[in-house]
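In what follows, a structure is listed as structure tokens, so that the remarks can point back to it.
The values are calculated or read from the model by the stated rules, or taken from the named source; none is laboratory data. Since the structure is predicted, the reported quantities are computational estimates derived from the model, not experimental observations. Every residue, glycine among them, receives a Cβ derived from its backbone with ideal geometry; neighbour counts consider all protein chains shown. These area figures cover heavy atoms from the full protein model, side chains too; ligands, DNA and RNA do not enter into them. Shrake-Rupley method; radii C 1.70, N 1.55, O 1.52, S 1.80 Å.
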Amino acid sequence: MGPLAATWLLAMISLTVALDNGLLKTPPMGWMAWERFRCDVDCKDDPENCIGEGLFRDMADRLAEDGWKELGYEYVIIDDCWMSMLRDEQGRLQPEPSRFPGGIPKLARYIHDRGLKLGIYADMGTHTCMGFPGTTLDKIEIDAQTFASWGVDYLKFDGCNSNAVQQMLGYPLMSKALNATGRPMAYSCSWPVYVGGLPLNVNYTFLGDICHLWRNYYDIQDSWDSLQSIIEWFSNNQDDLQPAAGPGRWNDPDMLIIGNFGLSVDQARSQMALWAIMAAPLIMSNDLRNLDNSARAILQNKMAIAINQDPMGIQGRRLLQEKSHIEVYWRPLSHSASALVFLSRRTDMPYHYRSSLAKLHYDTGNYKAYDVFAGSTAKVLNASTEFSVSINPSGVVMWYVYTEQQSKQMEKLHYQQKKASQFTFHKAKPGHHTVL
Ligand code: GLA
């Protein structure tokens, strides 16, 4: 297909497809199996960790009972390797019966009964990335119907084993098919990854009309190197990516790996901080049954979550890359507030970085800065006040910056946070969610 024909085709499809079902006005939050549990299908020797209904029930229990749900973490998402190698007599996908003996509808009920939502994985191609049955163009409708009939709330639609033309047809078609089921389902598209992640190969305006979120770049692995390469790619390409995001349409730099093996505590804070700046999905892939307190505290940091979930939904940007290997990131937030992250890419020792809000393009006036991870009393700053922050190697200092007028509300929140137990935080409804 020539570029003109392709553009025409997209224009025609976009006239008929818009996935505006009101979902994901803020980035999705939850848990997904892939990064931590991969394609472990050995339920005989590894029953605790294999891709089977027990693992998803366990994670639903943890989300519901350990304070995650109240913070907004609500999706339990099955990734690759859940399927039987064969479709059923009616041509429907089915789970591997030995690992999902109760079937998906029963698992969906289990998850819904706990106030959570179920996500599932399929692939727009002949096979999934791990070789399980794919959703070719002729199967899109039946698979969308099947997922809806099972009570699925979220679809991750991968793109292995398909070509560019099939993707161009298949991703919009699935959007339409999901809409046609009448069941509101969040739709995560891996399309951009398979075509390089950038314009002109990716039309982000169109993508935002048909998908709620999309993977732009390579898979995250359990290492600081992997995390740095993702942050670097998203920041280097922020002029193309940042404007694509907004309520109902999010860039997805991939799962949170906090609580696994590859990150130090400082590096884990860096991921949480940068994911908040980037308005990224907060989808953990870790073992919620075995999480140390520092990982839990980072993932459950209310201010970092509130920044991530800011209702304006404006993605932040890297403002500065200093010769000292300090980088400054910024995100505008509701009520004239903002978030600042100072990231150290150094490998020696804590670095004292000096700046002022004026140097970071803030208007003149008085501000307060609340240190998100230290949780300390806010610093009072004038835009021209010189400040110094001490940033650990591969770590961050993250600030919530607000104006004097807001400080009364802020003090109230501080007071409530001190009083409230760990498990009594209630996420405001989308659209009414204020960052204090
Ligand atoms: C791709 C995706 C991953 C995961 C695997 C499963 O690599 O990007 O997130 O879903 O496939 O096979």
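The residues on offer are Asp348, Asp310, and the sole one that is part of a loop (DSSP other than H, G, I, E, B), open to solvent by 60 Å² or more (accessible area, probe 1.4 Å) and at pLDDT 95 or above is Asp348. Among the residues of the stretch 313-327, the ones that are open to solvent by 10 Å² or more (accessible area, probe 1.4 Å), in contact (Cβ under 8 Å) with a residue 40 or more places away in the chain and on the phi > 0 side of the Ramachandran plot come to 0 in all.
Each row is one residue, and each column tells you yes or no for (1) within 30 Å of Phe206 (Cβ to Cβ); (2) out of contact with any helix residue (DSSP H, G or I) (no Cβ under 8 Å at 6 or more places or on another chain); (3) modelled with pLDDT under 95.
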| site | (1), (2), (3) |
| --- | --- |
| Pro253 | yes, no, no |
| Ile257 | no, no, no |
| Leu263 | no, no, no |
| Arg269 | no, no, no |
| Ile283 | yes, yes, no |
| Lys302 | no, no, no |
| Arg317 | yes, no, no |
| Glu322 | no, yes, no |
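Any residue that is part of a loop (DSSP other than H, G, I, E, B), within 16 Å of the ligand (Cβ to nearest atom) and either at pLDDT 95 or above or buried (at least 21 other Cβ atoms within 10 Å of the Cβ) (or both) - is there at least one of those in the stretch 23-35? Yes, the stretch 23-35 contains a residue that is part of a loop (DSSP other than H, G, I, E, B), within 16 Å of the ligand (Cβ to nearest atom) and either at pLDDT 95 or above or buried (at least 21 other Cβ atoms within 10 Å of the Cβ) (or both). Being open to solvent by 10 Å² or more (accessible area, probe 1.4 Å), among the aromatic types (Phe, Trp, Tyr) and under 22 Å from Met29 (Cβ atoms) is the filter here, so list the residues in the stretch 198-233 that pass it. Result: Tyr217, single match. What about Glu74, is it within 16 Å of the ligand (Cβ to nearest atom) and either assigned by the TED database to the domain that holds Gly134 or closer than 22 Å to Pro184 by Cβ (or both)? No. Scanning the stretch 328-344 for residues that are open to solvent by 30 Å² or more (accessible area, probe 1.4 Å) and of a type in the set (Ser, Thr, Tyr) returns a single hit, Ser336. Take the residues of the stretch 183-194 that are outside any helix (DSSP H, G or I) and within 11 Å of the ligand (Cβ to nearest atom): which is surrounded by the most Cβ atoms within 10 Å (Cβ to Cβ)? Taking the candidates together, the pick is Ser188.
Note on the stretch 147-165: residues that are touching a residue at least 60 places away in the same chain (Cβ under 8 Å) and either within 12 Å of the ligand (Cβ to nearest atom) or touching a strand residue (DSSP E or B) at 6+ places or on another chain (Cβ under 7 Å) (or both) total 4. Just one of (1) among the aromatic types (Phe, Trp, Tyr); (2) within 19 Å of Arg269 (Cβ to Cβ); (3) more than 27 Å from the chain's Cα centre (by Cα) fails for Phe373. It is (3). Would you call Asp225 over 22 Å from Ile298 (Cα atoms), of a type in the set (Asp, Glu) and more than 16 Å from the ligand (Cβ to nearest atom)? Here the answer is no, as Asp225 does not meet what is asked. Could you check how many residues of the stretch 148-182 are β-branched (Val, Ile, Thr) and either open to solvent by 10 Å² or more (accessible area, probe 1.4 Å) or closer than 24 Å to Pro243 by Cα (or both)? Residues in the stretch 148-182 being β-branched (Val, Ile, Thr) and either open to solvent by 10 Å² or more (accessible area, probe 1.4 Å) or closer than 24 Å to Pro243 by Cα (or both): 2 in total. Scanning the stretch 195-222 for residues being within 12 Å of the ligand (Cβ to nearest atom) and over 16 Å from Asp239 (Cα atoms) gives a total of 6. Return a yes/no flag: does the stretch 255-264 have any residue that is within 16 Å of the ligand (Cβ to nearest atom), within 22 Å of Tyr400 (Cα to Cα) and in contact (Cβ under 8 Å) with a residue 24 or more places away in the chain. Looking through the stretch 255-264, at least one residue is within 16 Å of the ligand (Cβ to nearest atom), within 22 Å of Tyr400 (Cα to Cα) and in contact (Cβ under 8 Å) with a residue 24 or more places away in the chain. Looking only at residues in the stretch 101-146 that are open to solvent by 10 Å² or more (accessible area, probe 1.4 Å) and of a type in the set (S, T, N, Q), the one that is nearest to the ligand (Cβ to nearest atom) is Thr126.
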